Amino acid sequence: MIRQTAALIIGQAVGQFSRLLNLGAGGTWPGELALSIDPHILKNLAGHIRKGIVIVAGTNGKTTTTLMIKTILEANGNSVINNSSGANLINGITASLIRQADIWGRLNCDYAVLETDENSLPAIVEEITPNAVVCLNLFRDQLDRYGEVDVITEKWALAIKNMNKKTALILNSDDPQIAFLGKKYAGKTVYFGLNVKKLQKYSFEHATDSIFCPNCGRRLKFAAIYYSHLGWWQCLKCGLKRPDPEFFNWESPLPGLYNKYNTQAAAAVAKTLGVEDGLIAKSLKKVSPAFGRQEELVHQGKPLKLMLSKNPAGFNESLRTVIGLKAKNILLVLNDRIPDGRDVSWIWDVDFEMIPAKVQITVAGDRALDLGLRMKYAGLKYAVETVLSNAINKAAGQAEEKLYVLPTYSAMLDIRKIISGKKIL
Amino acid sequence: MKFKLTIAWLYPDLMSTYGDRGNLICLEKRCSWRKIEVEIKNITLETGISELLTADLLFMGGAQDRQQKVAADDFIHHKGPVIKRMINSDIPALFVCAAYQAAGYYYKPYHGKDIPGAGIFDLYTEHPGDQKQRLIGNCASEIVNLSELKGTTLVGFENHGGRTYLGGKMKPLAKVLTGGGNNGEDGFEGGVYRHAIGSYYHGPLLPKNPQLADWLIARALEVKYRKKIKLQPLVSFEEKVAHKKMLKSIT
């Protein structure tokens with residue numbers, strides 16, 4: 001108890017101090033410090049949350065899904081806390097809770113909806129018992145940092161097997177390796193997926209990671225594909241097949257196929273926590289875009305839409321959404337800092353070839369030259385601007401209507417800083 | 001004379017995790033910009049040997065462990081021996097990362113039994129144990145063993161735990177300037193055997209090193225048409241600028 005109080009006081013003081021100095025809003029190091037004083041502080045803090053915790057994991061869609069769940073739960077009369085995507089490791093999650101606790105470790109809230117980094121999910125479910133864990137999808141992403149999809153799936157399978165059976169496991173039926181996680185779990189499992197026929201495709205894009213049976217290794221048969229390796233799958237050898245999803249036709253408040261999946265996941269969580277259908281539908285309509293995810297901003301009088309695009313599956317979906325919205329001007333920004341992954345090889349797995357020739361493209365970021373080279377080999381015309389502020393000013397200046405900006409993570413933060421004139425996260 | 005090349009992309013649905021497609025896009029464009037007709041054939045588990053045999057140039061890329069295991073049986077027992085004969089008759093080939101390892105005799109993991117390779121290249125790979133660091137990062141080297149390209153530089157990104165050691169029939173491709181290279185010890189990167197090249201520079205090796213792409217195209221045409229070929233030069237400005245910037249930032 002003394003240890004926990006010490007951890008809390010120090011953690012909160014450090015958080016206050018760093019916010020005062022505008023070092024980013026409290027960051028992750030208050031959590032880091034508190035964990036070094038009291039390694040089980042997360043468990044103790046979690047115990048004070050009145051109704052429970054929801055954990056959201058997956059390569060793409062964590063932040064938007066977390067926001068959707070939070071919006072629904074709040075509409076149902078709950079007070080809800082969440083973390084930011086910059087704080088989704090165990091230290092960041094701890095920091096987010098510390099910030100909102102009193103020195104006795106009490107948190108004045110009904111729910112915490114927390115997104116977690118792929119590698120941190122096992123440690124988190126070992127430490128706390130959430131009401132629900134959502135696994136959205138797994139795609140190749142920052143391979144130098146996270147490792148390959150199969151490696152992450154193995155770690156998740158082990159963590160889920162040992163998870164407290166009180167937790168409801170919410171899984172994407174359309175992602176073969178995610179759906180297969182349900183077979184390892186003896187507790188309650190709920191599936192979500194898509195059933196809309198008119199959005200189906202019948203051939204794969206290049207970047208797919210799970211098209212072989214997670215049970216027997218045989219090539220899976222896909223009757224329909226939504227994007228990457230998400231679709232209606234079955235194994236003709238061992239008989240494993242896509243489970244019928246219970247949640248599939250909730251209307252998405254945001255454009256993009258990937259947001260349809262996020263919506264089904266959020267509805268599945270809300271229903272599992274006892275929210276009524278009518279209220280779920282009504283409150284989903286109120287969801288506005290999360291930080292950097294289809295966020296609308298204005299720069300020098302021009303409207304701008306920011307769409308975080310950090311891996312092949314996500315980038316392809318951003319491009320498809322932007323093209324669907326009839327974009328005329330696109331700014332692509334590629335950085336290779338730690339939060340982006342140092343390796344930029346993945347840009348060759350993105351289908352830039354789908355961009356219509358008449359779209360005006362500007363490339364920028366630390367690795368603008370690599371992105372430019374990718375455009376050249378996609379047969380597209382483009383302009384290179386190595387200084388980001390110049391790139392935004394020029395691209396916005398030229399934009400006929402809206403400028404669509406597709407940045408990697410650190411580039412997204414830089415852009416927001418340039419536009420708002422200060423650090424935001 | 002109108003030239004045509006058939007390029008075999010080995011296991012594109014299994015061995016293509018790290019942007020490997022960049023190499024195919026690069027070869028295809030650099031041929032078509034010179035009016036050389038190109039056909040890319042996807043050669044995977046279900047594809048017959050007769051399709052493979054039509055290839056004038058071979059490429060195989062990196063993969064996840066599980067997918068590598070799925071490909072291994074077909075590669076070692078069915079297509080590997082054919083590929084070995086093709087390479088021995090001077091068909092050019094590029095094997096990147098996991099494919100480079102799999103083309104050797106075996107891979108010795110830290111735990112468990114040796115994983116056999118196709119034995120096309122005179123090399124073996126060992127994992128030195130969990131305590132040893134993976135070799136990860138931007139890297140650069142200078143070509144030492146392709147006479148036409150000697151002294152030119154290569155830039156790329158490596159990410160491997162295994163350490164590869166070359167036998168006498170395999171010459172190192174390049175001298176390491178920055179990075180781990182084959183094994184982090186002997187200062188060499190990649191390997192050359194006849195017209196086949198192996199490299200740890202994963203994914204899109206060719207776009208920023210277009211001289212290597214052109215070398216493969218020229219050798220493929222020479223072997224196919226049995227005459228000395230001098231490729232029409234391309235400006236390659238964007239390639240050179242991107243190459244130089246990376247080289248400068250890490251050496």
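The values are calculated or read from the model by the stated rules, or taken from the named source; none is laboratory data. All values reported here derive from a predicted model rather than from experimental measurement. Counting neighbours? That spans all protein chains shown, and the Cβs are built from the backbone with ideal geometry, glycine included. We work out accessible area using only protein heavy atoms, side chains counted, and drop any ligands, DNA or RNA first. Shrake-Rupley method; radii C 1.70, N 1.55, O 1.52, S 1.80 Å.
Here are the numbers for this structure:
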item: Exposed chymotrypsin sites (Phe, Trp or Tyr not before Pro) absent - longest run of chain A, DSSP non-H/G/I/E/B, at most 16 other C-beta within 10 Å; result: A:205-425
item: Interchain or long-range residues, amide H under 5 Å from residue A:168's placed H; result: A:132, A:133
item: Shielding score for A:145-153, defined as the mean number of other chain Cβ atoms within 10 Å; result: 3
item: Overall form of chain B per C-alpha gyration tensor (a/c, 1.5; a/b vs b/c); result: oblate
item: Unmatched cysteines, the protein assembly as shown - criterion: no other Cβ of a Cys under 4.7 angstrom; result: A:109, A:135, B:26, B:31, B:97, B:139
item: Cα gyration tensor shape of the range B:1-71, rounded if a/c is under 1.5, else prolate or oblate by comparing a/b with b/c; result: oblate
item: Residues in the range B:1-29 reached by a label modelled at residue B:54 [backbone nitrogen below 20 Å; 7 Å Cα→Cβ]; result: B:2-13, B:24-25, B:27-29
item: Alpha-carbon centroid distance for the pair the range B:178-214 / the range B:73-124, whole angstrom; result: 16
item: Amide hydrogen neighbours beyond the local backbone of residue A:299, cut-off 5 Å, H modeled; result: A:304
item: Summed residue charge, Cβ within 13 Å of residue A:165's Cβ, Lys/Arg positive, Asp/Glu negative; result: +4
item: Fully extended contour minus Cα-Cα distance, from residue B:76 to residue B:194, at 0.36 nm per residue; result: 40.5 nm
item: Exposure of residue A:79 as accessible area (Å², to 10), given a probe of 1.4 Å and all protein chains; result: 40
item: Percent carbon-and-sulfur accessible area, chain B, ignoring ligands, DNA and RNA, probe 1.4 Å; result: 53
item: Accessible surface, the range A:2-284, averaged per residue in Å² (probe 1.4 Å); result: 39
item: For the range A:187-216 and the range A:58-92, distance of Cα centres in Å; result: 24
item: Using θ = phi - 60° and Karplus 6.51 cos²θ - 1.76 cosθ + 1.60, couplings along the range B:40-48 (whole Hz; Gly, Pro as x); result: 9, 10, 7, 10, 10, 3, 7, 6, x
item: FRET efficiency, residue A:386 to residue B:133 (Cβ-Cβ, R0 25 Å, nearest 0.05); result: 0.20
item: Cα-based reach from residue A:328 at 22 Å (exclusive), listing lysines while leaving out same-chain residues under 8 positions away; result: A:302, A:305, A:310, A:358, A:376, A:381, A:394, A:402
item: At least 50 Å² of accessible area lost relative to the chain alone, listed for the range A:208-236 with a 1.4 Å probe; result: A:212, A:219
item: Carbon and sulfur %, accessible surface of the range A:293-420 computed with the full protein complex present, 1.4 Å; result: 55
item: DSSP loop chymotrypsin sites (Phe, Trp or Tyr not before Pro) with at most 15 other Cβ within 10 Å excluded, longest remaining stretch of chain B; result: B:111-251
item: Residues with amide H under 5 Å from that of residue B:106, placed H, sequence gap 5 or more; result: B:117, B:125
item: Loop GluC sites (Glu not before Pro), the range B:5-99, which have at most 11 other Cβ atoms in a 10 Å radius of their Cβ (DSSP); result: B:46
item: Total formal charge among the other residues, if their Cβ is under 12 angstrom from that of residue A:91, Lys/Arg +1 and Asp/Glu -1; result: -2
item: Inter-probe distance in nm under a simple model that places probes 7 Å from Cα toward Cβ, at residue B:46 and residue A:162; result: 4.0
